[in-house]
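The values are calculated or read from the model by the stated rules, or taken from the named source; none is laboratory data. Predicted model, so just to flag it, every value in this text is computed and none were measured. Glycine also receives a Cβ, built like all others from the backbone with ideal geometry; neighbour counts cover every protein chain displayed.
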Amino acid sequence: ISTLPISTELIAEHNAALMASVDEDYDALGRKLSRTGVDIDVVKNKVAEFTVAVPSWGAGRGGTRFAKFPIPGEPTNIHEKLEDCAVINQLSQATPRVSPHFPWDKVDDYSALREEAASLGLGFDAVNSNTFQDQLGQAHSYSTGSLSSTDAATRAQAVEHNIECIEIGQKLGSTDLTVWVGDGTNFPGQQDLGRSLDRYLDSAAEVYAALPGTWRMLLEHKMFEPAFYSSVISDWGSSILAAQSLGDKCKCLVDLGHHAPNVNIEQIVARLHRFGKLGGFHFNDSKYGDDDLDSGSINPHQLFLVFNELIEAELHPREGFNPAYMIDQSHNVTDPIESMMASADAILTAYTKAILVDRQGLTAAQEANDTMLAFQALRSAYKTDTSPILAKVRQEKGGAIDMIQAYRTSKYRERKSQARKPVGLGSGIV
Ligand code: LRH
Ligand code: MN
Ligand code: MN
């Protein structure tokens, strides 16, 4: 590939300066792990295979409904976003796919876009539809809802949009459609809670019927926002019921920020898997609600516990266990490239620690009702500093040992601030 944005010499030089210390730490960790019968190279090889998609919308500075603070050199279209995603993948070697959002990423020629991405070392992951905001020139407003709107023409338009997303996704090489709707109410009595779900299910069935052969439809639930009294697909219960009534190709997607505070998300993961309905993830972190903070920045232990369930799921697969892993976060005060590299690292760290859990010891302690030893099986894996494994994986795959340092040395953003047109001031998540 000739069009990669960061010079491979720069990465090699960067790694050369740090290699000796990484080797030393890797060997020391290898000796420590071998005392408990763990072969560090086996762990490393498993971690090397794990990848997570990045969202096209995450490449720009996010914002809140109050403000957005753009940075110089920020991408303003899908082409520039792909280039930034290529930087993240080049340095992390863990994010080879981009999840697009329509109509935000609309272009005329999707075959050309697919080739453009491929020349940057990227493919496309799940396609996200957007019926939560109105677009200029749109015939029917989503102010009454979209797939569940009381207005038939509005529902038809939302169905149509989702089908168009599938068609675009086919050209891009995607095989999943992620559907999140903002449908819901702000007042008790505003809509009938039962009938709005009926309308949603009828519309969703039309989208489902349009899924090509191996495609999946991933339903993303969210407790609140933009609707503040009730949401149509508010929780994993509504999500799994809808997925079960739609059919086998419909699964549930868990966005870590979409639950009530303190909800046991790892248990939700286990439940969804138990019924063969765990279809995907949106990784981010939160303190109060759907904050879309960087993955692992607030509660890395919860992320580890989620991965612990994912490893259990991997070891005890139900039909079709193949979750679409994706980052979905909003970068309001950092360079999005740096945030997503750090997030990929946090996600892979949680995964690596979950691999290190002594499964036999855990199961034995559970069977014997030895609560403390069961907890310690998790705790001792969680306490392990796995950074030498991740650094080694990156280096061996051609990425950077210290991603942020290599990125800053490359002066990529400075170069882009000369070449790209400035982003206008504004608000909102796009
Ligand atoms: C909704 C959500 C959903 C959207 C994205 C922009 O809060 O998580 O995944 O598509 O944010
Ligand atoms: Mn999401
Ligand atoms: Mn969200």
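A compact table of results
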item: Residues that are in a loop (DSSP other than H, G, I, E, B) and farther than 15 Å from residue 413 by Cβ, drawn from the range 312-332; result: 316, 317, 318, 319, 320, 321, 322, 323, 328, 329, 330, 332
item: Hey, residue 286 farther than 17 Å from residue 56 by Cβ and either of a type in the set (Ser, Thr, Tyr) or touching a strand residue (DSSP E or B) at 6+ places or on another chain (Cβ under 6 Å) (or both) or not; result: yes
item: Any helices (runs of 4 or more DSSP H) falling wholly within the range 363-425 and containing at least 2 residues that are over 19 Å from residue 46 (Cβ atoms) and modelled with pLDDT of 95 or more; result: 371-383, 403-410, 412-419
item: Spans of helices (runs of 4 or more DSSP H) in the range 1-97 with at least 1 residues under 30 Å from residue 290 (Cβ atoms); result: 40-49, 78-92
item: Residue within the range 219-240 that is under 20 Å from residue 307 (Cβ atoms), within 16 Å of ligand 3 (Cβ to nearest atom) and either in contact with a Phe, Trp or Tyr (Cβ under 9 Å, 6 or more places away or on another chain) or among the β-branched types (Val, Ile, Thr) (or both) present; result: yes
item: Neighbours by Cβ (under 7 Å, 6+ apart or cross-chain): first from the range 225-249, closer than 19 Å to residue 214 by Cα; second of a type in the set (A, V, I, L, M) and part of a loop (DSSP other than H, G, I, E, B); result: 249/211
item: Considering residues of the range 223-277 that are of a type in the set (D, E, K, R) and within 29 Å of residue 378 (Cα to Cα) only, the residue nearest to ligand 2 (Cβ to nearest atom); result: 255
item: Residue 41 vs. criteria under 30 Å from residue 360 (Cβ atoms) and without any contact (Cβ under 8 Å) to a residue 60 or more places away in the chain; result: yes
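Table: residues versus (1) within 16 Å of ligand 1 (Cβ to nearest atom); (2) in a loop (DSSP other than H, G, I, E, B); (3) touching a Lys or Arg at 6+ places or on another chain (Cβ under 7 Å).
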| site | (1), (2), (3) |
| --- | --- |
| 182 | yes, yes, no |
| 194 | no, no, no |
| 203 | no, no, yes |
| 219 | yes, no, no |
| 225 | yes, yes, no |
| 238 | yes, no, no |
